[in-house]
Amino acid sequence: MLRTTGIHTSFFRILIISYVLLSSVGYGSAGTTSSFIRSVWPSIDIPLDSEAFAIPKGHNAPQQVHITQGDYDGKAVIISWVTTDEPGPSKVQYGTSKEKYEFSAKGSMTNYTFYNYKSGYIHHCLVDGLEHETKYYYKIGMGDSAREFWFQTPPKIDPDSPYTYGIIGDLGQTYNSLSTLEHYMQSGGQAVLFVGDLSYADRYEYDDVGIRWDLWGRFVERSAAYQPWMWSVGNHEIEYMPKMGEVRPFKSYLHRYATPFLASKSSNPLWYAIRRASAHIIVLSSYSPFVKYTPQWKWLREELTRMDREKTPWLIVLMHCPIYNSNTAHFMEGESMRAAFESWFVQYKVDIIFSGHVHAYERSYRISNIHYNVSSGDPYPVPDKSAPIYITVGDGGNQEGLAGRFKVPQPDYSAFREASYGHSTLEIKNRTHALYHWNRNDDGKKMATDSVVFFNQYW
Ligand SMILES: [Fe+2]
């Protein structure tokens, strides 16, 4: 009896050792397709009268308050808000202690129509000359309906400045969107890199398009009034709607969401760059011309030469449409931008490229396909230490639902993929290391599901 137990124990030991050895053989090459399936709320937009879209009380109270970086180096913010009863002043009062506003800045006001919808009065105010790593309080609006918020400026530009970014894409305004937003707000993220497709207002028609933009502005205010969201555009911002007589691309987006494009010598708010703490962040537009000799192509070529990895070692690129993604949804839509820019991304050793568009999560290995030139060369992506990691975070939770079908088998370039909702965080620790997580919305809880340490591509 004792002898039999001994044989069994030895057998199981061999089995476990064999399993460990076999598992480690494939590590680093075979990717993972997560089989996780969670129960989700239906992909429907939150009703208009929900608390999630509450209108602030008082005559002409500022609403839809949001901030973004206002300059190249993080010493300025652009504060934006909407008033609905009358224009009111485009003035921001601010200071470093609560309820004591020593300074003020004056901005400008704009509005627009979309079909028969008339927007509120949209204010944008640049607040500059700020100190790094300082908490500022600010006040907008008049009298009893004035509102107060605060934000923290980033540390100065330094290769070892630590900073935590949240990455959110394709957010929309469903209960899943709310879950993503609330989980992000618990994450300790200090600024959001938003990878396009904001409100999904273009899923509506006529006056409801503008109304849904207003709702979304009130929806994200809970975070965007207190920390900068860096914007990039997606296809849902185009809003080419000839049926309603609306044919000017990005009309709603451009009126409502400002970017500091002039500070990086860009000629267009849809593509620009900022430096923040230890990162150089380049924002591209997947839906503006980018082939050789176009303004976006020329600007990117210049911006890459302005970059100084000695000062900002982390090079991050945002674009809506992913270049490497193995979901059946939107498969290869990023191929034209890959053809235009991939060789630069490898040459300049981009650390990470974040995208949205596909409503599922995916992370690639460092791979490139820059040797193929139609007539010769290897047509397949190959491991490349100088190449970026491509991450798709189009899983914010909008009303179109999840993209649940991945290509089978999982391509060699794909490291991890899962079709559920969530957001990412990138905690830059110093010039060499960053901790990265993708956080799944797990039935109301946040769960770090894909966790990786990134080593800087320059240092
Ligand atoms: Fe999209």
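Would you tally the residues in the stretch 132-148 being out of contact with any Leu (no Cβ under 9 Å at 6 or more places or on another chain) and under 23 Å from Y72 (Cα atoms)?
Going through the stretch 132-148 one residue at a time, the tally reaches 6.
Residues that are modelled with pLDDT of 95 or more and either within 16 Å of the ligand (Cβ to nearest atom) or out of contact with any His (no Cβ under 9 Å at 6 or more places or on another chain) (or both), at least 3 per element: which strands (runs of 3 or more DSSP E) completely within the stretch 229-334 meet that?
272-276, 279-283
So which of Y324, Y287, Y253, Y240 is loosely packed, with under 15 Cβ neighbours inside 10 Å and closer than 29 Å to D395 by Cβ?
Y240
Confirm whether Q152 is over 30 Å from W41 (Cα atoms) and within 21 Å of the chain's Cα centre (by Cα).
Taking the combined requirement at face value, the residue satisfies it.
Which condition breaks for F194 when tested against (1) within 16 Å of the ligand (Cβ to nearest atom); (2) at positive phi?
Every listed condition holds for F194 apart from (2).
Could you go through the stretch 178-186 and let me know if any residue there is within 16 Å of the ligand (Cβ to nearest atom) and closer than 25 Å to P56 by Cα.
yes
Show the residue pairs meeting these rules: Cβ distance below 6 Å; 6+ apart or different chains; first residue within the stretch 174-188 and part of a helix (DSSP H, G or I); second residue surrounded by fewer than 23 Cβ atoms within 10 Å (Cβ to Cβ).
Hits for this filter: Y175/W41; N176/W41; L178/A52; H183/K446; M185/S223.
Taking strands (runs of 3 or more DSSP E) that fall entirely within the stretch 60-121, which contain at least 3 residues that are of a type outside the set (F, W, Y) and free of Cβ contacts under 8 Å to residues at least 40 places away in the same chain?
It comes to 103-106.
Only one of L198, L193 is under 24 Å from N439 (Cβ atoms), part of a loop (DSSP other than H, G, I, E, B) and in contact (Cβ under 8 Å) with a residue 24 or more places away in the chain; which?
Result of the check over L198, L193: L198.
Would you confirm whether any residue within the stretch 203-211 is in a strand (DSSP E or B) and either of a type in the set (A, V, I, L, M, F, W, C) or out of contact with any helix residue (DSSP H, G or I) (no Cβ under 7 Å at 6 or more places or on another chain) (or both)?
Checked the stretch 203-211: no residue is in a strand (DSSP E or B) and either of a type in the set (A, V, I, L, M, F, W, C) or out of contact with any helix residue (DSSP H, G or I) (no Cβ under 7 Å at 6 or more places or on another chain) (or both).
Check off (1) more than 16 Å from the ligand (Cβ to nearest atom); (2) closer than 16 Å to F345 by Cα for I391 and give me the number that stays unchecked.
(1)
Tell me which residues, restricted to the stretch 349-384, are without any contact (Cβ under 8 Å) to a residue 40 or more places away in the chain and within 16 Å of the ligand (Cβ to nearest atom).
Residue satisfying the conditions is I353 alone.
When you look at L171, is it under 30 Å from A403 (Cα atoms) and of a type in the set (A, V, I, L, M, F, W, C), yes or no?
So L171 passes the test.
Taking the stretch 216-228 as the region of interest, how many residues are away from the ligand (no atom under 16 Å from the Cβ) and either of a type outside the set (A, V, I, L, M, F, W, C) or in contact with a Gly (Cβ under 9 Å, 6 or more places away or on another chain) (or both)?
Here the count works out to 9.
Does Y175 satisfy the criteria of being over 19 Å from G396 (Cβ atoms), of a type in the set (S, T, Y), away from the ligand (no atom under 16 Å from the Cβ) and out of contact with any Asp or Glu (no Cβ under 6 Å at 6 or more places or on another chain)?
No; evaluated as a whole, the condition is false for this residue.
List pairs: first residue in the stretch 400-419 and under 9 Å from H359 (Cβ atoms), second residue surrounded by fewer than 22 Cβ atoms within 10 Å (Cβ to Cβ) and modelled with pLDDT of 95 or more anywhere in the structure, Cβ distance under 7 angstrom, at least six positions apart or on different chains.
If the second residue must be surrounded by fewer than 22 Cβ atoms within 10 Å (Cβ to Cβ) and modelled with pLDDT of 95 or more, the pairs left are A403/A329.
Quickly run through the stretch 145-172 and pick out the residues that are more than 19 Å from R440 (Cα to Cα) and either within 16 Å of the ligand (Cβ to nearest atom) or small (G, A, S) (or both).
Listed by number, the residues that qualify are S145, A146, S161.
When A76 is evaluated against the numbered criteria (1) under 25 Å from F194 (Cα atoms); (2) exposed (fewer than 14 other Cβ atoms within 10 Å of the Cβ); (3) among the small types (G, A, S), which criterion, by number, is the only one it fails?
The number of the failed condition is (2).
The values are calculated or read from the model by the stated rules, or taken from the named source; none is laboratory data. Remember, predicted model here, so these are calculated numbers, not experimental data. No Cβ is skipped: glycine too gets one built from the backbone with ideal geometry, and neighbour counts run over all protein chains shown.
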